[in-house]
1. Considering each residue of region 225-246, count those that are within 15 Å of Pro56 (Cα to Cα) and either in a loop (DSSP other than H, G, I, E, B) or aromatic (Phe, Trp, Tyr) (or both), and give that number.
2. Would you call Ser152 out of contact with any helix residue (DSSP H, G or I) (no Cβ under 8 Å at 6 or more places or on another chain), surrounded by 19 or more Cβ atoms within 10 Å (Cβ to Cβ) and among the hydroxyl-bearing types (Ser, Thr, Tyr)?
3. Among the residues of region 202-242 satisfying the criterion of being among the β-branched types (Val, Ile, Thr) and in contact with a Ser or Thr (Cβ under 6 Å, 6 or more places away or on another chain), which is nearest to Gly191 (Cα to Cα)?
4. For region 222-244, name all the residues that are surrounded by fewer than 17 Cβ atoms within 10 Å (Cβ to Cβ) and touching a residue at least 40 places away in the same chain (Cβ under 8 Å).
5. Tell me, yes or no, whether region 19-26 has at least one residue that is of a type in the set (Lys, Arg) and either farther than 19 Å from Arg107 by Cα or touching a residue at least 24 places away in the same chain (Cβ under 8 Å) (or both).
6. Of the residues that make up region 215-232, is at least one at pLDDT below 95, within 27 Å of Gly161 (Cβ to Cβ) and not charged (D, E, K, R)?
7. Quick one: would you say Leu138 is of a type in the set (A, V, I, L, M, F, W, C) and modelled with pLDDT of 95 or more?
Amino acid sequence: MQPLHQEVHHTSQISVYDTDELYGEKGRFRVLQFSEDAIQGALDLDHPERIVFEYPRAMIHLIEANHPSLERLFVIGHGIGTISGYFERGQVTTAELEPGVVELSRRFFGYAGGPLMVGDGREILEREAPGSYDAIVLDAFQAEGTPLHLLSREFIRMARGKLEPTGSLLMNLTGKRNDKLVSAVHTTLQGEFPYTQTFSLPAAGSAEVRNFVIMGSGKPITYQTRQMAGFTETELGQGYVIKDGTP
């Protein structure tokens, strides 16, 4: 591992480093990491156009399959700018809490995509006009996980109001197979959208943490299995409704 940069923001340590192995794959990778093990993004230095992780590939397919005439996309959580950088510059507005992450994505990962707004994603989205987006992506993580104020019923209801009637909200979460918070997010989403779907990557066991992509939409959700980067439909148990102030 070759360290390139390190700094501290609030309670998180942000690092950039190069490595010749990432999750068992050999190659040349540049990594953005929070704290000790929370990798936020990776660039394949030999093939920079490649999207390394499965979850952004799955989310991009869901957006393209359900919104083939996409005009406006709002992204909460920037990382190295994988999703924002994929779409055309004029289509995407991104909110990122940490100004340092914005600078690092440009300096070390070559981000040159659409507008970046620094601040709390919920507060920035609240200022947007009703019905102004085709899709909203939530991909925001801190050391302790996704902030709860971005998972609550009040946030989801507000986000739904910023979408056109058939618009979609897509969330990237991490958790275990029977994760109570993931089930709660899906249940909360079901209360605000007529169509919902959860997808996950396979895991070796029930205790293994994995990615979940949860989608709510104003119209039936469509996708092609072979384009989902290994994500498959997942049935979740009934969870509680997350409200602002839920501990």
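1. Residues meeting the conditions: 4.
2. So Ser152 does not fit the description; no.
3. Applying the filter and picking the extreme gives Val241.
4. Of everything in region 222-244, those that are surrounded by fewer than 17 Cβ atoms within 10 Å (Cβ to Cβ) and touching a residue at least 40 places away in the same chain (Cβ under 8 Å) turn out to be Thr222, Gln224, Gln227, Gly230, Gly237, Gln238, Tyr240, Val241, Lys243, Asp244.
5. yes
6. No: region 215-232 contains no residue that is at pLDDT below 95, within 27 Å of Gly161 (Cβ to Cβ) and not charged (D, E, K, R).
7. Spelling it out, Leu138 is indeed of a type in the set (A, V, I, L, M, F, W, C) and modelled with pLDDT of 95 or more.
Conditions (1) within 19 Å of the chain's Cα centre (by Cα); (2) at pLDDT below 95, marked per residue:
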{"residue": "Val8", "(1), (2)": "no, yes"}
{"residue": "Arg28", "(1), (2)": "no, no"}
{"residue": "Asp37", "(1), (2)": "yes, yes"}
{"residue": "Gln40", "(1), (2)": "yes, yes"}
{"residue": "Val52", "(1), (2)": "yes, no"}
{"residue": "Ile60", "(1), (2)": "yes, no"}
{"residue": "Gly79", "(1), (2)": "yes, yes"}
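The values are calculated or read from the model by the stated rules, or taken from the named source; none is laboratory data. Bear in mind that the values here come from a model prediction, so they are computed numbers and not experimental data. Methodologically, a virtual Cβ is constructed for each residue, glycine included, from the backbone with ideal geometry; neighbour enumeration extends over all protein chains shown.
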